[in-house]
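Remarks on the structure that follows.
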Amino acid sequence: MKEIIINISSLEIRVATLEDGDLVEFLVEREQSKRLVGDIYLGRVNAILPGIQAAFVDIGYEKAGFLHASDLSGSLDAFKEFDIVEPRRGRRRDPRDKNKKKNQNQNGYPPIEKLLQKGQEVLVQVTKEAIGTKGPRLSTQVSLPGRFVVYVPNFNYLGVSRKIESRQERSRLKKLISRKKPSNTAIIARTACAGVESKQIVGDINYLHKLWQEVKARSEKATAPHRIHEEVGLLIGMVRDVMTQDVGRILIDNEREFKRLQQYLKTFSPNLCSRVNLYKEKSPIFDKFNIEREIEKTLDRKIWLKKGGYITIDQTEALVAIDVNTGRYVGKKDQEETILETNLLAAREIPRQLRLRDIGGIIVIDFIDMEREANRRKVLAELRHNLRKDRSRSKAFAVSDLGLVEVSRKRVRPSLLHFFSDECPYCKGMGKVLSYDSLANKIEQWIRRIGARTKEKRIQIRANSSLALFLEDERRQTFDAIQRQYRIRIEIQDDPRLHREDFKIVSLRTFRDLVQELT
């Protein structure tokens with residue numbers, strides 16, 4: 001049973017998806033950090049970089065958008081999960097196709113410097129949020145998602161979601177779309193089309209066609225940089241994209257947004273209106289379903305499995321490393337069976353964690369080594385089976401020679417870890433700080449340097465309170481020996497304002513910072 005629980009406060013909107021009572025997906029949107037994916041802008045090309053076949057486009061934000069040549073080529077790669085067909089089969093090949101190939105680079109698309117010029121205005125759509133130091137990813141190929149179809153202008157294709165398995169239903173949708181789609185347009189039937197009346201699907205196509213005409217008209221009058229079209233918010237977008245027959249109910253704790261969702265469903269899917277309910281109890285809605293505690297766990301590095309095993313998740317800038325361990329689980333039979341059962345539990349939990357934490361990019365999974373090839377295949381099959389539940393496109397590759405499984409998952413926005421947290425002001429993202437012994441040795445080296453290079457007779461070490469206490473208790477004898485060797489007097493002064501790794505060595509005669517002076 002799938003349920004969607006929505007909590008709305010004055011500062012943020014939070015959406016939790018439960019499957020059989022387990023939290024599997026969590027989305028959050030704050031007023032100061034609204035999503036940009038799906039928004040359409042008239043941008044201005046700031047720079048063209050042939051070396052990486054990309055351009056930077058000003059869309060009105062601090063970070064310029066990133067536009068790669070592959071996002072200018074008119075490709076339908078973004079719709080790999082759909083069965084794309086060309087309605088006019090057997091058309092004669094355009095003799096100009098040979099000339100097109102001559103003008104393409106080794107990756108199969110024309111050089112970006114031949115397609116764009118600096119200062120040029122270009123209509124673009126955001127396909128990926130800004131992540132870290134990178135600006136938003138852009139594409140010139142606009143797509144407008146509706147409740148039942150996706151409208152893609154400037155193409156002449158039609159497609160049907162592969163999740164619609166009925167051959168008869170797929171045939172019906174292809175015939176309907178072929179008759180009703182506007183010219184020079186690709187229409188792609190979403191999973192929600194299954195079993196829907198033709199009238200509703202045609203209405204969705206007509207609505208999106210009208211919307212695209214409005215977008216074109218506004219872009220012709222605007223001056224870059226300017227937002228031409230804003231994608232629907234988190235709530236409507238979630239209902240539009242997720243609300244299918246397998247969703248048992250939506251529970252929301254805000255009356256105004258409840259009425260707004262009801263109105264939307266009355267227009268596009270009136271048969272689903274009864275599944276949206278208003279939460280009226282006094283206790284917070286996320287506490288009622290034990291969601292708050294699960295959200296707090298999404299920042300934990302270690303996730304315990306049933307029977308005592310666990311996995312660890314470490315996120316870096318380039319990739320995510322996941323390690324599987326037996327932990328407290330010792331099994332009942334032989335070691336291979338214990339390892340297999342732990343790996344199978346991990347193969348079910350890892351896809352849930354990827355969805356829940358919204359982790360994307362390259363994921364490397366280190367399952368516990370198994371001797372039998374059949375067991376390796378069983379674990380990989382279990383992992384792939386559970387990845388299919390994910391709305392984001394993902395793929396698990398075969399086990400490598402080192403026993404690792406690589407998974408790629410489409411990344412659209414920062415993960416929950418990056419959304420909820422800031423870089424640690426102490427370790428600066430390292431996760432470690434220098435030990436007291438290392439810091440004391442560093443200070444000792446500086447004192448010897450000062451004693452050899454200067455004529456100072458009295459110096460003061462200023463350090464964080466905990467480090468100053470360590471120096472007094474553990475390194476006093478060392479400093480006494482240095483005092484005798486260099487005929488210099490050393491005082492230690494604690495300063496709680498200093499970072500644990502920071503220290504100053506100051507001349508008590510002139511109060512100069514000797515470390516800075518000798519650096």
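Protection proxy ranking of 410-421, 141-152, by the mean of other Cβ atoms within 10 Å over each peptide's residues and highest first, is 141-152, 410-421.
Here the stretch 376-452 has 51 percent of its accessible surface on carbon and sulfur atoms, given a 1.4 Å probe and all protein chains in place.
Under a cut-off of 23 Å between alpha-carbon atoms, report the lysines in cross-link reach of Lys307, not counting same-chain residues fewer than 8 places apart. Hits, sequence-local ones excluded: Lys297, Lys332, Lys333, Lys378.
The count of lysine pairs in the stretch 175-238 with alpha-carbon distances below 25 Å, taking only pairs 8 or more places apart or on different chains, stands at 10. The P(r) of the stretch 292-384 has a tail past 22 Å containing 27 percent of all C-alpha pairs.
Entry comment: accessible area of the chain is 56 Å² per residue, from protein heavy atoms only and a probe of 1.4 Å. Couplings 3J(HN,Hα) for the stretch 262-269, derived from phi with the Karplus relation 6.51 cos²θ - 1.76 cosθ + 1.60 (θ = phi - 60°), are 4, 5, 5, 5, 4, 6, 10, 9 Hz, where x marks Gly and Pro. Summary of packing: across the peptides 252-258, 398-404, 458-464, the per-residue average of other C-beta atoms within 10 Å ranks them, highest first, as 458-464, 252-258, 398-404.
Estimated from the Cβ-Cβ distance and a Förster radius of 41 angstrom, the FRET efficiency linking Gln335 and Arg391 is about 0.65. Computed extension length for Arg218-Glu230: 3.1 nm, one decimal, from 0.36 nm per residue of separation with the Cα-Cα distance subtracted. The heavy atoms of Tyr264 present about 30 square angstrom of accessible area, all protein chains included, probe 1.4 Å.
Dividing the helix sum by the residues of the chain, where each DSSP H run of 4 or more adds -39500 (n - 2.57), gives a mean residue ellipticity at 222 nm of -10000 deg cm²/dmol. Charge dipole of the chain (Cα centre as origin; +1 on each Lys and Arg Cβ, -1 on each Asp and Glu Cβ, all else neutral): 2060 debye, rounded to the nearest 20. If you take all other residues with their beta carbon under 11 Å from the beta carbon of Asp300, and give Lys and Arg +1 and Asp and Glu -1, the sum is +2.
The values are calculated or read from the model by the stated rules, or taken from the named source; none is laboratory data. Nothing here was measured: the structure is a model prediction, and the numbers come from that model. Counting neighbours? That spans all protein chains shown, and the Cβs are built from the backbone with ideal geometry, glycine included. Please note that ligands, DNA and RNA were not included when accessible areas were found on the heavy atoms of the full protein model with its side chains. Shrake-Rupley method; radii C 1.70, N 1.55, O 1.52, S 1.80 Å.
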